[in-house]
Amino acid sequence: MDDGPLGHEVGQETVLAVEITRHGFEWVLGHPCLSSYVRGVHPDRAAWQRQLRRAPARVQWDPERDLHLRPLPYRSLQLGLSGEAVGCYADEWTVSPQDVTPLVREIHALVNGSEQDSAARLLPQKHPCPVGDGLLAHLWG
């Protein structure tokens, strides 16, 4: 398998931006299990494994990356879906999928051409997503 840039991996040549409902997003935030065991968050490894098997969502904190894919000093939440969450995502929560492959390829070409400022202007704007404190309390690992 080719481990090239985003949108170039074999079998993953299309990049989608998917808007989902706020309800669906908050449901997922309320039902995940951390993707790895964290002492102090889980009573023990066996309890974490039981929770992981039952959870309809997995969560991990991954470093944000710059245009050259170097890690930045802050992390973003990565969510994975399984079980009932997959059906809800496909049938209820998805509002508008958009093929952003051409945009991703344009950004990649600009970065390769040392036009970082032009590439950065094409990136989607990111904004904090306010949620109630209790919704995220179980996700700090």
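Every read-out reported here was derived from the displayed coordinates using simple, explicitly stated rules and does not represent laboratory data. All figures in this text were calculated on a predicted structure; none of them were measured in a lab. Note that each Cβ is placed from the backbone with ideal geometry, even for glycine, and that neighbours are counted across all protein chains shown.
With respect to the stated conditions, R53 is without any contact (Cβ under 8 Å) to a residue 60 or more places away in the chain, farther than 26 Å from L122 by Cβ, surrounded by fewer than 16 Cβ atoms within 10 Å (Cβ to Cβ) and among the basic types (K, R). Of (1) β-branched (V, I, T); (2) free of Cβ contacts under 8 Å to residues at least 40 places away in the same chain; (3) surrounded by 15 or more Cβ atoms within 10 Å (Cβ to Cβ), I107 satisfies all except one. Which? The single condition I107 does not satisfy is (2). Give the range 63-94 a look and list any residue that's surrounded by fewer than 11 Cβ atoms within 10 Å (Cβ to Cβ) and farther than 17 Å from V15 by Cβ, or say none. H68, R70, L72, P73, Y74, A90, D91 - these are the residues of the range 63-94 that are surrounded by fewer than 11 Cβ atoms within 10 Å (Cβ to Cβ) and farther than 17 Å from V15 by Cβ. Picking from residues in the range 33-43 that are surrounded by 10 or more Cβ atoms within 10 Å (Cβ to Cβ) and not hydroxyl-bearing (S, T, Y), the one that is nearest to Y89 (Cα to Cα) is C33. Among the residues making up the range 11-47, those that are aliphatic (A, V, I, L, M) and within 25 Å of K126 (Cβ to Cβ) are V15, L16, A17, V18, I20, V28, L29, L34.
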